[in-house]
């Protein structure tokens, strides 16, 4: 799933995102993000979703905030024109999420533009040097950054290999799941990446489904 330009049709990518939505719902992805957001000193009303995919997590967050009286606005950024077109189809006429094409390593936003910048299931796609750059950028453009990702272990790998087929249909997702686990970081490694990125506030929590959240920022 690192290469959307040469692998898979748009239909296959759409099906893969449906798989990821089920994974987020049933295997801890959304619960991990919700827990991290609920712990913030103030709920965000302007957030950025980097590597947003089809906007599944952005839409879930909007519903969560609306139920708590927050009329939030979101910006969903992805590097892929094809993925953004899939996101546009899912969003329809919704005006509370704006789609932007861009690179997580060089976000096209001013400092402190958002209350929250989040990165879901994407940190493991970056090698350590680039991961540090991404974390630095998340902290630059937001008051608080939340990274929600898999955590690497052999048990997590076995879980992804044998549990994912129960929730997924796309060949892209089934192939990517176990590979992503082995490419992901441990909680200690994530903490060190954030420290190298200049974060002054760093909190790592583990969650069900072999997830972890890395939360904090520069100040």
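FYI, it's all coordinate maths here, none of it is from the lab. Predicted model only: the values in this text are computed from it and were never measured. Reconstructed Cβ throughout: ideal geometry from the backbone, glycine too, with neighbour counts over all protein chains shown.
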Rounded to the nearest Å, the spacing of the alpha-carbon centers of the range 112-168 and the range 13-36 is 13
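With the Cα gyration tensor of the range 8-48 in hand, give its eigenvalues times 5 under a square root as the equivalent ellipsoid semi-axes, listed largest first in whole angstrom. Let's see the in-between values first.
Values: eigenvalues 155, 36, 5 Å².
Sorted largest first and rounded, they come to 28, 14, 5 Å.
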Given the -39500 (n - 2.57) contribution per DSSP H run of 4+ residues, what per-residue ellipticity at 222 nm results for the chain, rounded to the nearest 500 deg cm²/dmol? -14500 deg cm²/dmol
Normalised contact order of the chain, rounded percent, pairs of Cα under 8 Å and 6 or more residues apart: 23
With each pseudo-label sitting 7 Å past Cα toward Cβ, what's the residue 46-residue 94 distance in nm, one decimal? 2.0
Could you give me D for the chain, from Stokes-Einstein at 37 °C and 0.692 mPa s, where the hydrodynamic radius is the Kirkwood radius over C-alpha pairs? Units µm² s⁻¹, please. 191
Based solely on C-alpha atoms, express the radius of gyration and the Dmax of the range 20-121 in angstrom. 12.9, 36
